[in-house]
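Participant: For reference, the structure I am asking about is given below.
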Amino acid sequence: MNPRSTVKPLTVALVLCFGLWWGGHPAQMPGFLRSIFVANPHDTVISEALSDIQRDYLHPISRQGLINGSIAGAIASLGDPYAVYETPAAYNAFNNPKPQTFAGIGITVEATSPGLVVEEVFPGEPAARAGIRPGDLITAVGRRRLAGLPSRVGTSLIVGRPGTPVTLTIARGARHLTVTLKRATIDAPLVYDMVTSYGAVRIGVLDLPTFDVPGIHADVASALQSLLAQHVRAIVLDLRNNPGGLVTEAQLVASMFIAHGKIVTTRGR
């Protein structure tokens, strides 16, 4: 027998006893060994909780859905309105936005307690052809009154299949109008531009509703060039109701108006 292939029984016994002791005292293990052999107790609790939900919940639910919900809940617990968790599908959709196409009448609105106030009317669309103006108050859609309803409810009543009719009740000052329009497919622009005048001075207005669309600075640049080609003397960049968005997009837009100097700096923790 090759003497190197033998192990003394006493050595085996000592190793076994030491292993049993160490298994009962994992905190005494060196960090690099503890991370290999001992599961994180918090991870174990989370895994068990997800398994219990997946096994016992009334309806079937995927593990990935539970994991996404757990991460989203952890982010929400920070209480930071600017911290958000996006699933891979949501992240991909954000970075590859589809054209903003819907079937409606061609307006943007703001919710108020008595109804929806028309903010903008897209030229050439059904609302513009029907004579609807910015500032009009939509108080009802069909027989449904809008007072006290959330904005998404009111707008969901206005949009619908192309070619279908929708009837709006509109308050314009002391006047009350009833207008019936046919819905159409609307290609909503991301950036709105127009030329107005103050006295004899022509002024270009750029309305930018969000910075939260990758590449939106290119739309701003195009609209800006269009206004400059119309020989305006000034530009107004309208950021009212703009909730913010991507720092890079805001920086690129600002660089069109700020010729020199640092625009923004960011610093992490």
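Participant: Ordered by residue, what ³J(HN,Hα) values in Hz, to whole numbers, does segment 57-66 give under the Karplus form 6.51 cos²θ - 1.76 cosθ + 1.60, where θ = phi - 60° and Gly and Pro are x?
Facilitator: Once θ is set to phi - 60°, the couplings for segment 57-66 become 5, 4, 10, x, 9, 6, 5, 5, x, 5 Hz.
Participant: Where the accessible area of segment 197-267 is counted over protein heavy atoms with a 1.4 Å probe, how much of it, in %, is carbon and sulfur? All intermediate terms of the calculation are to be shown ahead of the outcome.
Facilitator: On the way: 2510 of 4610 Å².
On segment 197-267, the fraction of accessible area on carbon and sulfur atoms equals 54 percent.
Participant: Report ³J(HN,Hα) in whole Hz for each residue of segment 71-87, in order, from the Karplus equation J = 6.51 cos²θ - 1.76 cosθ + 1.60 where θ = phi - 60°; Gly and Pro get x.
Facilitator: 5, 4, x, 5, 5, 5, 5, 6, x, 9, x, 9, 9, 8, 9, 10, 5
Participant: Let me ask something else about it. Which FRET efficiency value, to the nearest 0.05, is calculated for THR210 and LEU58 with the Förster distance at 45 angstrom and r the Cβ-Cβ distance?
Facilitator: So the FRET efficiency works out to roughly 0.70.
Participant: For ARG183, what residues show an amide H to amide H distance below 5 Å, using hydrogens built from the backbone and excluding near sequence neighbours?
Facilitator: Answer set, sorted by chain and number: GLY163, THR164, VAL166.
Participant: Right, another one. With every protein chain left in place, what is the accessible area per residue of segment 77-211 in square angstrom, probe 1.4 Å?
Facilitator: For segment 77-211, the solvent-accessible area averages 59 Å² per residue.
Participant: Taking the Cα centre of segment 126-269 as the origin and placing charges on Cβ (Lys, Arg +1; Asp, Glu -1), which of ALA254, VAL159, LEU224 is farthest toward the positive end of the dipole?
Facilitator: VAL159
Participant: Give the peptides 70-80, 200-210, 53-63, 249-259 in descending order of average Cβ contacts within 10 Å, highest first. Could the numbers behind the result be given before it?
Facilitator: Values: 70-80: 11.2, 200-210: 17.3, 53-63: 9.4, 249-259: 15.0.
Descending packing order for the listed peptides: 200-210, 249-259, 70-80, 53-63.
Participant: Percentage of Cα-Cα pair distances in segment 144-192 greater than 13 Å, rounded to whole percent?
Facilitator: Numbers: 795 of 1176 pairs.
Summing the P(r) of segment 144-192 above 13 Å gives 68 percent of all pairs.
Participant: Same structure again: Taking 0.36 nm per intervening residue step and subtracting the Cα-Cα distance, what contour gain separates ALA174 from SER77 on full extension? Don't skip to the end; give the middle numbers.
Facilitator: Numbers: separation 97, 0.36 × 97 = 34.92 nm, distance 4.81 nm.
Gain on stretching ALA174 to SER77: 30.1 nm.
Participant: Also, I was wondering about something else. Quick one: 3J(HN,Hα) in Hz for segment 203-216, Karplus 6.51/-1.76/1.60 with θ = phi - 60°, rounded, Gly and Pro as x.
Facilitator: 10, x, 10, 10, 9, 10, x, 6, 9, 8, 10, x, x, 5
Participant: Assign unit charges at the C-beta atoms only (+1 for Lys and Arg, -1 for Asp and Glu), then state the dipole size of segment 116-269 relative to its Cα centre in Debye, rounded to the nearest 20.
Facilitator: Values: 17 positive and 11 negative charges, 120 e Å.
In total the dipole reaches around 580 debye.
Participant: Rule-of-thumb check for segment 46-180: C-alpha Rg over 2.2 N^0.38 Å?
Facilitator: Against the empirical 2.2 N^0.38 Å value, I get 1.50 for segment 46-180.
Participant: Still on this structure, please answer the following. Could you tell me the convex hull volume per residue, in Å³, taken over the Cα atoms of segment 200-269?
Facilitator: Details: hull volume 7.0 nm³, N = 70.
So the per-residue Cα hull volume is 100 Å³.
The values are calculated or read from the model by the stated rules, or taken from the named source; none is laboratory data. Treat the numbers as computed from the prediction; the structure is a model and nothing was measured. Counting neighbours? That spans all protein chains shown, and the Cβs are built from the backbone with ideal geometry, glycine included. When the accessible area is computed, the model is the full protein with side chains, heavy atoms only, and any ligands, DNA or RNA have been set aside. Shrake-Rupley method; radii C 1.70, N 1.55, O 1.52, S 1.80 Å.
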